[in-house]
Amino acid sequence: MSQTPGTMKTVSLGDVRLAVEDRGSSRSGQPVLLLVHGFPLDHTMWQSQIDYFGSHGRVIAPDLRGFGGSSNAAPPEGSSHCAIEMCTYADDLAALLDRLEITRPIVFCGLSMGGYIAWQFCAKYPERVAALVVCDTRSFADTPQAVAGRFALGARVLAEGIEPVAAAMLPKFFGPDTVAKQLPCIADTVAAMHRASPAGVAAALGAMARRPDMAASLAEIHVPTLVVVGEHDAISPVEEMRGIAERVPGAEFVVIPGAGHMSPLEDPATFNAALDHFLRERAGWS
Ligand code: MLT
């Protein structure tokens, strides 16, 4: 992945240090675009969006705690200490914005686990959100079977390292065209997974397993919202994403043809065109 030197920062937030890409500058008061990655990746999954939107405005793309270049301050999963929750990541992001002195409402864009965090951020910090973009995500809680699977996988990751989670996730991430063409985003995704810490991955699995069902709260979101999904997303299918768009008042819904769960990486041109249109029409970008 390409990286422009000099735009990565490390921001200390008390018990945790977050690595963050801070690219571009806000023009005429347009809101900052905050890009929140999925599990078990890091900010580099947004490289095409950072490059594109960072030349039109300010883009912040952090590594969540335990992922990429960020430290992991989570207690070991299963310990008697209070575990981290989806809300912990949302609190980290609010503290990060404070440290970066971003006080105006932002555009929150999250993919999958980044979307689970978006629901918590919108519920806890509604005054900080100017617009919302949720990609390839879910609003429902896990089934009991999925919860058991997450905890079993977390235990294996703590014992064996990242490999079991890569083996479990990769077959579900990409659409058939991406796999047939062996697009470089597949190798980039594998590399990002291997930058995550096993303890951070296990903590995130626990946090996802415990996450609350947010379907009923979607009606309480009153900011311009864009819902994006890859046509072949096997984790958050098109019809489920359409249901999210129907529950959020006034939300727009876009399907990225041919893409799977990783739509911003698989077809960045189509994804960026959809996001660009939304930012200009609904979120004050010029
Ligand atoms: C993600 O992409 O963040 C994960 O697929 C989320 C999940 O496992 O539920």
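Coordinate-derived values only; no laboratory data. Here the structure is a predicted model, which is why all the values come from computation and not from measurement. FYI the Cβ positions are ideal-geometry reconstructions off the backbone, even for glycines, and counts take in every protein chain you see.
General observations
- Across the range 22-159, C-alpha contacts under 8 Å between residues 6 or more apart give a mean separation that, scaled by the residue count, equals a relative contact order of 24 percent.
- Cα-based reach from Lys124 at 18 Å (exclusive), listing aspartates and glutamates while leaving out same-chain residues under 8 positions away: Glu85, Asp91, Asp92, Asp98, Asp213, Glu220
- Amide H partners (placed H, <5 Å) of Lys9, local residues excluded: Val20, Glu21, Asp22
- Shape call, the chain: gyration tensor on alpha carbons, a/c limit 1.5: rounded
- Placing a label point 7 Å from the Cα of Ala123 along the Cα-to-Cβ direction, the residues of the range 142-182 with a backbone N closer than 18 Å are 142-144, 147.
- Euclidean distance of C-alpha centroids, the range 109-138 and the range 14-43, integer Å: 13 Å
- Extension gain for the segment Asp213 to Ser55, taken as residue separation times 0.36 nm less the Cα-Cα distance, is 53.2 nm to one decimal.
- Put simply, the amide H of Ala130, placed in the peptide plane, has neighbours under 5 Å in Ile106, Val107, Phe108, leaving out anything fewer than 5 places away on its chain.
- Working note: Karplus 6.51/-1.76/1.60 with θ = phi - 60° gives the range 152-157 the couplings 5, 5, x, 5, 5, 5 Hz, where Gly and Pro are set to x.
- Among beta bridges from DSSP that stay inside the chain, the antiparallel ones total about 30%.
- Residue-by-residue Karplus 3J(HN,Hα) for the range 51-63, coefficients 6.51, -1.76, 1.60, Hz, glycine and proline x: 5, 6, 7, x, 9, 10, x, 9, 10, 10, 9, x, 8
- The string of couplings for the range 108-118 from the Karplus curve (6.51, -1.76, 1.60, θ = phi - 60°) is 8, 10, x, 10, 6, 4, x, x, 4, 5, 4 Hz, one whole number per residue in order, with x for Gly and Pro.
- Three-way shape call for the range 190-286 based on the alpha-carbon gyration tensor, with the a/c threshold at 1.5: oblate
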